[in-house]
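In what follows, a single structure is set out as structure tokens and then discussed.
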Amino acid sequence: MSASAIGNFLEEYTYEHLKESILEHVPDDVDKREGSIIFDAIMPAAYELSFYYYRLRMVLQQTYAETAVGEFLDLRAAEQGLTRSLDTAAVRRGDFATSRGEPLKVDIGTRFSTISKTGEGIVYKVSKPYLDPQGEEAPGAYLLTCEEKGTIGNEYSGDLLPVTYVTGLGTASMSTVIAPGRDVESDQDFRERYFEALHFRPFGGNIAQYRTYLQGIAGVGGQQIYPSWRGAGTVLVSIVDSQCQPVSEEFIRHVQEQLDPENLEGNRGDGLGIAPIGHKVTVVTPEVLEINIC
């Protein structure tokens, strides 16, 4: 039985069907015309029974992962140890300078808004200093966390307006997406992940295990795993955000550190991350290919 057919046999139990079915059991020598005593007596029962069958069909559909939605799908998935991915807030890079172009120190918690023609800007809050690839604080650069969760925090780049007064502020701008925000996982995406977990068991550093790892990292959308891409033990991981867009270099480093960070000698594959010992993982993101249509 296909998913769309689950419970369809209950659809025939409509008010009209039940009414006719009940009247068939009434002897023909009894007045069964509309407005008669017996007709008026059975109508409320037929009406209530039709709703009963409607709800029964819904209960049946919510029993199976193929047709369950919302909290019922969550309950079914929980039996396999899976939970729906919740929405997360985008983390962006912000750069601040004085009117002379000198880097400006900004207090943690300072709030800035995007510039919107409609007047409904998105507010970001300074969360901590931005660190360069060497782990040093970049002057005038900070991480901004969107106060509204979801992919909406990934969209805007450009000048910012201070919500909190900042002494000496000349310019404020927001650029790189450090950690992409994501929306609550949809029923369809969660359902697909549920069946993938049933059919492809993660084990011993196989592809399914890497996919499971990556699905647990906030900001990672789609991924592609290339095993043995440069010989035995090498793994290439290509990731995009939840909107199928390339991710930033900072986010690549964030994922790299979780999967397979470098040891003190600058080598990988020691099992210092969640990748198995002996797996040298390289994290990349696709390049955008622009196609001009004339």
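General remarks:
- Looking across the range 177-214, the residues that are polar (S, T, N, Q) and not assigned by TED's automatic domain parsing to the domain that holds Pro246 come down to Ser186, Gln188.
- Residue check for Glu148: in a loop (DSSP other than H, G, I, E, B), out of contact with any Phe, Trp or Tyr (no Cβ under 7 Å at 6 or more places or on another chain), closer than 22 Å to Gln245 by Cβ and not β-branched (Val, Ile, Thr): yes
- Some residue of the range 47-68 being closer than 30 Å to Leu86 by Cβ and small (Gly, Ala, Ser): yes
- Flag if Phe190 is in contact with a Leu (Cβ under 8 Å, 6 or more places away or on another chain), touching a residue at least 60 places away in the same chain (Cβ under 8 Å), more than 24 Å from Ala275 (Cβ to Cβ) and of a type in the set (A, V, I, L, M, F, W, C): yes
- Note on the range 87-133: residues that are among the hydrophobic types (A, V, I, L, M, F, W, C) and more than 20 Å from Asp183 (Cα to Cα) total 9.
- Search result, residues across the range 152-161 that are surrounded by fewer than 19 Cβ atoms within 10 Å (Cβ to Cβ) and outside any loop (DSSP other than H, G, I, E, B): Ile152, Gly158, Asp159, Leu161
- Cβ separations smaller than 6 Å between residues 6+ apart or across chains give no pair from the range 33-54 residues that are on the phi < 0 side of the Ramachandran plot to residues that are at pLDDT 90 or above and of a type in the set (Gly, Ala, Ser).
- Filter result for Gly221 (on the phi > 0 side of the Ramachandran plot, in contact (Cβ under 8 Å) with a residue 24 or more places away in the chain and part of a loop (DSSP other than H, G, I, E, B)): no
- Within the range 69-80, restricting attention to residues that are of a type in the set (Gly, Ala, Ser) and touching a residue at least 60 places away in the same chain (Cβ under 8 Å), the residue that is surrounded by the most Cβ atoms within 10 Å (Cβ to Cβ) is Ala77.
- Residues located in the range 177-211, provided they are of a type in the set (Asp, Glu), part of a helix (DSSP H, G or I) and either modelled with pLDDT of 90 or more or closer than 17 Å to Tyr226 by Cβ (or both): Asp187, Asp189, Glu192
- Taking the conditions (1) assigned to a helix (DSSP H, G or I); (2) under 30 Å from Phe195 (Cα atoms) in turn, Ala65 satisfies each one other than (1).
The values are calculated or read from the model by the stated rules, or taken from the named source; none is laboratory data. Only a predicted model underlies this, so the values are computations on that prediction, with no experimental measurement involved. Glycine gets a Cβ as well: all are built from the backbone with ideal geometry, and neighbour counts include every protein chain shown.
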